[in-house]
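Chemist: The structure that follows is given in the form of structure tokens.
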Amino acid sequence: MSNTIVNEMKIVKAESSKIQDVDFDNIDFGRVFTDHMFSCDFKDGKWQTPEITPYQPLTIDPSARVFHYGQAVFEGMKAFKDDKDAVWLFRPEDNFNRINISAKRLAMPEFPKEYFFNGLETLLKLDKEWVKKGDGNALYIRPFIIASEPAISASPAEEYKFMIICSPVKAYYKDKIKVVIAEKYSRSADGGVGFAKAAGNYAAQFYPTKLVQETGFHQVIWTDANTHEYLEEAGTMNIFFRINDKLVTAPTSDRILDGITRKSIIQIAKDNNIEVDIRPVTVKEIKEAAKDGSLKEIFGSGTAAVVSPISAFKHGEEVFDVVEPENTYHGMFKRQLMDIQYNIAEDKHGWRYKI
Ligand SMILES: *Cc1c(COP(=O)(O)O)cnc(C)c1O
């Protein structure tokens, strides 16, 4: 193995690539990983020299605090390849800022910007063959930070590991989803960690989601923990409603994650002269809009699927169908967003970042 130090980064290249063993037409989301990974340890009060090594299992002490207290945060982003083989990221600075917002809430040290971007760029250059061209193909990028210190005392760790791993993904054309509006369980609460991409937020969603899946639905629409009267997120996505020709979504808060897809969709809607209302959305008004026919669309937004249209929702014992018009907003937003991501359309807001 060659072992070089570039810009204060140690690089150990994989002896051979695993890429020829991968069937890119048949990959499940997040199961296949590229040849390399990035890691950087925090100890003695500072981030140490970052490394890129072949993708491989970690050796970590069973007493590492992440296993006991869930001190872990992550990000989700994608790289895209254009027709000329150039690789692009989409608003990566927002992911960088957000992982540090999440880290701060979980009492973890912030990761330095130069390390983040240098690591990401070097990793993507090494593994660029894994970013496939074609509509919907992308490399999903997962930065994360875990408390690695071996000590089971219930306090913030003094040692952490920051890593980036990458997984090739295909477009997924999932069926429209049917959702249940939460009346008992909550994803987040005022003063809590709902705005952070904390690993434990996901673990806490699995059980209520499993319960609705046992009744033939797919996801939970999360409501505010106090009253369950306000609609806040769709599973692990932000949520949008189209009422007549207006787009409506809840404001971000302690409880609602500041999604990059969400804010990009809001901007694209404005660029298309669509009126956008950012305000609390009640269960009551959406039920009424479903009854009087003014509810035209409901969809989730997030990096993995871009948009995820909802075909029906349940509240109590009542089920409401969402009958979409032929030309949907979510279809248009997805197309316009992906055209920017794949370097097909003009990037008037400066969202693309070239590797
Ligand atoms: C990551 C995430 C989103 C979507 O954020 P994007 O930046 O658009 O991917 C929405 N809600 C929750 C709870 C999330 O964790």
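The values are calculated or read from the model by the stated rules, or taken from the named source; none is laboratory data. Predicted model only: the values in this text are computed from it and were never measured. Here the Cβ positions follow ideal geometry from the backbone for every residue, glycine too, while neighbour counts run over all protein chains shown. Accessible surface is based on the protein model in full, side chains and every heavy atom, while ligands, DNA and RNA are left aside. Shrake-Rupley method; radii C 1.70, N 1.55, O 1.52, S 1.80 Å.
Chemist: Taking the criterion of being modelled with pLDDT of 95 or more, buried (at least 21 other Cβ atoms within 10 Å of the Cβ) and either under 24 Å from A154 (Cβ atoms) or not assigned by TED's automatic domain parsing to the domain that holds I165 (or both), would at least one residue in the stretch 83-94 satisfy it?
Modeler: No, the conditions are met nowhere in the stretch 83-94.
Chemist: Provide a single number: the residues in the stretch 149-207 that are on the phi > 0 side of the Ramachandran plot and assigned to a strand (DSSP E or B).
Modeler: Selection size over the stretch 149-207: 0.
Chemist: What strands (runs of 3 or more DSSP E) lie completely within the stretch 260-333 and have 3 or more residues being more than 16 Å from the ligand (Cβ to nearest atom)?
Modeler: 295-302, 306-315, 318-321
Chemist: Same structure, new question: If A138 passes every condition in (1) away from the ligand (no atom under 13 Å from the Cβ); (2) hydrophobic (A, V, I, L, M, F, W, C); (3) surrounded by 15 or more Cβ atoms within 10 Å (Cβ to Cβ) but one, which one does it miss?
Modeler: With respect to (1) away from the ligand (no atom under 13 Å from the Cβ); (2) hydrophobic (A, V, I, L, M, F, W, C); (3) surrounded by 15 or more Cβ atoms within 10 Å (Cβ to Cβ), A138 is out only on (1).
Chemist: List, please: which pairs have Cβ atoms under 7 Å, are six or more places apart or on different chains, and start with a residue in the stretch 254-281 that is touching a residue at least 60 places away in the same chain (Cβ under 8 Å) and end with one that is surrounded by fewer than 14 Cβ atoms within 10 Å (Cβ to Cβ)?
Modeler: D254/D190; D254/G191; R255/A189; R255/D190; Q267/H349
Chemist: Of everything in the stretch 169-188 that's closer than 23 Å to D254 by Cβ and open to solvent by 20 Å² or more (accessible area, probe 1.4 Å), which residue is nearest to the chain's Cα centre (by Cα)?
Modeler: Residue satisfying both the conditions and the ranking: R187.
Chemist: Consider T209 carefully, then state whether it is away from the ligand (no atom under 14 Å from the Cβ) and modelled with pLDDT of 95 or more.
Modeler: Criteria not met by T209.
Chemist: Return the residues of the stretch 228-244 that are in a loop (DSSP other than H, G, I, E, B) and open to solvent by 40 Å² or more (accessible area, probe 1.4 Å); say none if nothing qualifies. Talk me through it step by step, then tell me what you get.
Modeler: First, the residues of the stretch 228-244 that are in a loop (DSSP other than H, G, I, E, B): 228-229, 235-236, 244.
Matches in the stretch 228-244: E229, T236, N244.
Chemist: Follow-up. For the stretch 1-112, which strands (runs of 3 or more DSSP E) that fit wholly inside it have 1 or more residues that are aromatic (F, W, Y)?
Modeler: Counting at least 1 such residues, we get 36-43, 72-74, 77-81, 87-90.
Chemist: Given the criteria in contact with a Leu (Cβ under 9 Å, 6 or more places away or on another chain) and either surrounded by fewer than 21 Cβ atoms within 10 Å (Cβ to Cβ) or among the small types (G, A, S) (or both), does A225 qualify?
Modeler: No; evaluated as a whole, the condition is false for this residue.
Chemist: Sort through F195, F217, F144, F206 and tell me the only one that's closer than 21 Å to T249 by Cβ and open to solvent by 20 Å² or more (accessible area, probe 1.4 Å).
Modeler: It is F195.
Chemist: Please state which one of Y329, Y353 is in contact (Cβ under 8 Å) with a residue 40 or more places away in the chain, open to solvent by 30 Å² or more (accessible area, probe 1.4 Å) and touching a Leu at 6+ places or on another chain (Cβ under 8 Å).
Modeler: That would be Y353, the only listed residue that is in contact (Cβ under 8 Å) with a residue 40 or more places away in the chain, open to solvent by 30 Å² or more (accessible area, probe 1.4 Å) and touching a Leu at 6+ places or on another chain (Cβ under 8 Å).
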